Amino acid sequence: MELRRYWEIICRRKWIIIITFLIFFATVVTGTNIVTPTYEAKAKMLIKSSDSLSSLMSSLGLTIQSNRDSSSDDGTYDTDIALATIRPLLDKLISELDLKDGDGEILSPEDLIKSSILNNISPHPYIEVEQYEDSDILEIISKSTNPAEAAKMSNELAELYIENRLNFARKEYKAAHVFLENQIKDVKEKYYKSLLEKRDFMIKEATVDLETETRNLLSSISDLKNDYKNNEIDITQAKESITLIEKKIGGKEYVSSNLVNYIESKVSDLLVELAGKSIDITGQHPDVIQLNRQVDILRQYLKDKTELVLNESEVSIAPIYEELIRSLKDAYIDRKIKEIKRDLINKFIEEAQADLMKIPLKNIRQSEIALLVSVNQDVYKKLLEYLTQVSVAESMTLSNIRLIEPAVEPDIDEPAFPRKDLNYALGIFMGLFWGIFIAFFTEYIDDTVKALEDLKNYGFAFLGSVPKIKGKPMVSKMDPNDPVYESYRKILSNIHFVSFDKPLRKLMISSISPKDGSATTAANLGIIYAREGKKVLLVDVDLRRPNIHNLFDITNTKGLTDLLLSEAEMEQVISKSGVDGLSVLTTGSTPSDTGLLINSNKMQEIVRKLEEQYDVLLFHCAPLLIKSDAILLMKYLDNMAIVIRNKKTTHHDIIKVNESLKNANIVPMGMVFLST
């Protein structure tokens, strides 16, 4: 099962876990106790306009600026946070609290708000501002090695920030107030100027109300035209009267030309004098009434003068014609007056029509002036209202940022860093975590064989395993009940079982890589063979790095190499092992080319001769990964057993050796697993 596999890994790598855990935990404990404690204080500010102030301002028709507008679309207060940590405020905070770093130097504004992990190792005053849990609250967090200083930093920055925002708002209102006053002054001058222009226009054009003036002119023109028609009728009637009277008196000239000329001269002079008056001619106008009165007086005056002239003249007038002459006289006077009056009425009509044609131009100009007056008046009125609003708002200016929770001096026994309980728990957790992690990582990168299950995929038969050997490795010096002794005896039994149908007499013992324990395995199997009553020869063919002679404490001056080179006889190179029934053939001197000697016919001959003298021949050969000696020698032997050492032999090496054996058509009888 996977859990069992994990447990095996933990057990196998327990020392890595223990050492890693102890290193981490010891580091955490040491660091926690030597680091300078840092204390943390927090002050909370609410960014919200006063409800009562907002209600009052609304009732006055005013609006109050809210800092909520400074928040971003997602509800954060990045602008307010940035304004709370501007350099002028930080400079003032550092100056008022005399904030210094660990070296006793005056702290810079940049260092005061600079966040670094080194602040915990070499602490100095630090401050930050952040939004509290997506609310309208800003939290000022201060850290210092002095708990009182930490609380003062948060509270002082809060007060400085609130005062700064209040001053900023006041400056805005002040600037608006000054601006409005300047604008009011300019608009006031424009307004008064437009009023004066209106007055001058009315005086110049002699008008108060153009609409009334237009109605009066139209009425006057209508009356004058009616008067003109009536006057024409009167002239016609006067002419008819004159004609009729003249017919009645028989066409005689009873009135002298001097009289007629005199009458025309007087009438003309009087009416011309009256026409010189620039007046509006209407039936009810006082001047018209006066004109008519003067005409009547003139008419009577002319009658009197005519009577006088007639009395003084030498013209003889019959009594019967006296009344006709008077009528003729009146008709002449009326006709002449009406004719002159007609010309005067025509003149008045033309003047009235000319005045009427000027009305549109006057109206346009008057509208322009009225519009200018109206615009300046409205702007002036609005500016006065705004000035009143700004003045009221300025006098009622309150900060919309309030300190709702001042920072409290933290307990000296409860620093924000380090927190011993948390650090110790974290040290235990991290120690175990990294210990297990490193253990499994080591297991992952470790390519060595760790258990028998790792060898299932290679197709090797399992001959047996040998537990870890403590002390001397030779079974000849062990109790037969020793687990190691028993394991070798079991391996030998498995070898007999594998070769039951064909007993093995020539067996090679080799390994994958150097120092895997193949020499010890070969020596102990030889001892077990000998104790079974067999005559056994242990041949050391590891010509590169021989070791069999060391296990049996015998010399290695002459051996297999000398025999192959025909420099010694067989009896000279075979030594007693000290174990009954077991002899040893050491390597002797080291040749320059071991493969050439092993692959020679001499080697085949030696193997044949030894086979005739011994029941079992055990050959210990160089590692398969290093030399090809074992593969070359296998053509003279029956089979081979491969020794694999736990936690030393790698899978990569096994794969390479297995491919070499397959290429040589060699199928090992099995493998021996050695524990370390």
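The values are calculated or read from the model by the stated rules, or taken from the named source; none is laboratory data. Remember, it's a predicted structure, so these values are computed and weren't measured experimentally. Neighbour counts are summed over all protein chains in view; Cβ atoms, including those assigned to glycine, are modelled from backbone coordinates with ideal geometry. All accessible areas refer to the heavy atoms of the entire protein, side chains included, with ligands and DNA or RNA removed. Shrake-Rupley method; radii C 1.70, N 1.55, O 1.52, S 1.80 Å.
Can you tell me how much longer the chain between Arg544 and Asn363 gets when fully stretched, taken as 0.36 nm per residue apart minus their C-alpha distance, in nm with one decimal? Intermediate values should be presented prior to the final figure.
Details: separation 181, 0.36 × 181 = 65.16 nm, distance 13.09 nm.
The span from Arg544 to Asn363 would gain 52.1 nm if fully extended.
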Sites Asn457 and Glu612 - FRET efficiency at Förster radius 30 Å, r taken between beta-carbons, to 0.05: 0.15
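In terms of the Cα gyration tensor, with a ≥ b ≥ c the square roots of its eigenvalues, is segment 495-612 rounded because a/c is under 1.5, prolate because a/b exceeds b/c, or oblate?
On the way: a/c = 1.39, a/b = 1.34, b/c = 1.04.
Rounded, because the longest to shortest axis ratio a/c is under 1.5.
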Once you place label points 7 Å from the Cα toward the Cβ at Thr676 and His496, how far apart are they in nm? 3.3
About the Cα centre of segment 478-568, what is the dipole size in debye to 20, counting +1 per Lys and Arg Cβ and -1 per Asp and Glu Cβ, all else neutral? 260
Please give, to one decimal in nm, the separation of the simple spin-label points placed at Gln377 and Asp479, each 7 Å out from Cα toward the Cβ. 12.9
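Between Asp186 and Thr388, what FRET efficiency follows from the Cβ-Cβ distance if R0 is 22 Å, with the result rounded to 0.05?
0.75
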Please report how far the C-alpha centroid of segment 433-512 lies from that of segment 104-156, rounded to the nearest whole angstrom. 64
Quick check: convex hull over the Cα atoms of segment 570-676, volume per residue in Å³, rounded to an integer? 142
Expressed in nm to one decimal, what extension gain is obtained for the pair Tyr6 and Asp343 from 0.36 nm per residue of sequence separation less their Cα-Cα distance? 107.7 nm
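Give me the 1.4 Å probe accessible area per residue for segment 166-250, excluding ligands and nucleic acids, in Å². Show your work: numbers first, answer last.
Values: 5840 Å² over 85 residues.
Accessible area per residue: 69 Å².
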Rounded to the nearest whole Å³, what is the per residue volume of the convex hull around the Cα atoms of segment 99-139? 76
